[in-house]
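I have placed the structure first, in the form of structure tokens, so that the comments after it can refer back to it.
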Amino acid sequence: TQLLEQSPQFLSIQEGENLTVYCNSSSVFSSLQWYRQEPGEGPVLLVTVVTGGEVKKLKRLTFQFGDARKDSSLHITAAQPGDTGLYLCAGGDSGAGSYQLTFGKGTKLSVIP
Amino acid sequence: NAGVTQTPKFRVLKTGQSMTLLCAQDMNHEYMYWYRQDPGMGLRLIHYSVGEGTTAKGEVPDGYNVSRLKKQNFLLGLESAAPSQTSVYFCASRPHRAGDQPQHFGDGTRLSIL
């Protein structure tokens, strides 16, 4: 069974601060996806990283996939109240045929104005 | 674009009652999934389907059954509801295309078992 450990579980910061969320596993994944979920809604994809060492930027968000494809990080620069939400990492196994995702337990981010 | 639609949005059941949750997608996706989301537990896969007429067990299948009679619909059934099944249930779909496509989620069904 593949497991994804996500940390921290909760994060409360002031507007303008920087933060990093980590997603770690002992297993290798074919890809790593990051989703954001707001209350009362389903998760929505932010980014997919597929190559070891890959870095993707989405405005103030920077995503990195570890060289060994076992870990990933999400860094937010100058956080804003609109960044508040639950961030989920999910490891993909395209070789399984069913394209299942293994989700981390999530990081609940609160950005205080 | 409706995407993935889940019905109902909320439901309260008594222990032992049965019910069916409906998931409908209008994107012609091959793969569909049912998850439950509990506080501190993330999303856990209950059952999934790789195409019309096929289903398979996920991580936490006990107490649930599913059916995929039509490509666009994926039903999740609780035959005899238990308080431990109180949760928020999410349905997701993705296309058959190879590679790391995202899963598209509905907005969830909040289910309480008394």
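The values are calculated or read from the model by the stated rules, or taken from the named source; none is laboratory data. If you're wondering where the values come from, they're calculated on a predicted model, not measured in any experiment. Counting neighbours? That spans all protein chains shown, and the Cβs are built from the backbone with ideal geometry, glycine included. Accessible surface is based on the protein model in full, side chains and every heavy atom, while ligands, DNA and RNA are left aside. Shrake-Rupley method; radii C 1.70, N 1.55, O 1.52, S 1.80 Å.
Exposure check, 1.4 Å probe, all protein chains in place: B:ASP62 carries approximately 130 Å² of accessible surface.
So for chain A, what percent of the C-alpha to C-alpha distances run longer than 19 Å?
On the way: 2598 of 6328 pairs.
Result: 41 percent of Cα pairs exceed 19 Å.
How many partner chain Cβ atoms sit within 10 Å of a residue's Cβ in peptide B:104-111, on average, as a whole number?
Working: counts 4, 7, 2, 4, 5, 0, 1, 0.
Mean partner shielding for this stretch: 3.
The heavy atoms of A:GLU17 present about 80 square angstrom of accessible area, all protein chains included, probe 1.4 Å. Backbone amide hydrogens, once placed in the peptide plane, bring B:TYR31 within less than 5 Å of B:ARG94, B:HIS96, excluding anything fewer than 5 places away on its chain. By accessible area, using a 1.4 Å probe on protein heavy atoms only, region A:1-110 has 48% of its surface on carbon and sulfur.
Loop-only trypsin sites (Lys or Arg not before Pro) in region A:1-83, please: DSSP not H, G, I, E or B, and at most 14 other Cβ atoms within 10 Å. Could you put the intermediate results ahead of the total?
Values: sites: A:ARG36, A:LYS56, A:LYS57, A:LYS59, A:ARG60, A:ARG69, A:LYS70; in loops: A:LYS59, A:ARG60, A:ARG69, A:LYS70.
Qualifying residues, ordered by number: A:LYS59, A:ARG60.
The listed residues A:SER26, B:SER80, A:SER72 rank as A:SER26, B:SER80, A:SER72 when sorted by accessible area, largest first, using a 1.4 Å probe. Contact order for region A:1-81, expressed relative to its length and based on alpha carbon pairs under 8 Å spaced 6+ residues apart, stands at 33 percent.
Under the criterion of Cα pairs below 8 Å and six or more residues apart, the relative contact order for region B:19-110 equals 32 percent.
Ordering B:SER112, A:SER12, B:SER93 by accessible area with a probe of 1.4 Å, largest first, what comes out?
Numbers: B:SER112 40, A:SER12 80, B:SER93 0 Å².
The most accessible residue leads, giving A:SER12, B:SER112, B:SER93.
Measuring between their Cα centroids, region A:2-37 and region B:16-59 lie 24 Å from each other.
Holding the Cα-Cα limit at 32 Å, pick out from A:LYS70/B:LYS9; A:LYS105/B:LYS71; A:LYS59/A:LYS108 the pairs that are longer than that.
Violating the 32 Å Cα-Cα cut-off are A:LYS70/B:LYS9.
A simple count of charges around B:ASN65, restricted to other residues whose Cβ falls under 15 Å of its Cβ and scoring Lys, Arg +1 and Asp, Glu -1, yields +1. Per residue, region A:5-112 exposes an accessible area of 46 Å² to a 1.4 Å probe, with every protein chain left in place. When nucleic acids and ligands are ignored and a 1.4 Å probe is applied, B:ARG36 ends up with an accessible area of around 20 Å². In terms of accessible area, using a 1.4 Å probe and ignoring ligands and nucleic acids, A:VAL21, A:VAL55 rank largest first as A:VAL55, A:VAL21.
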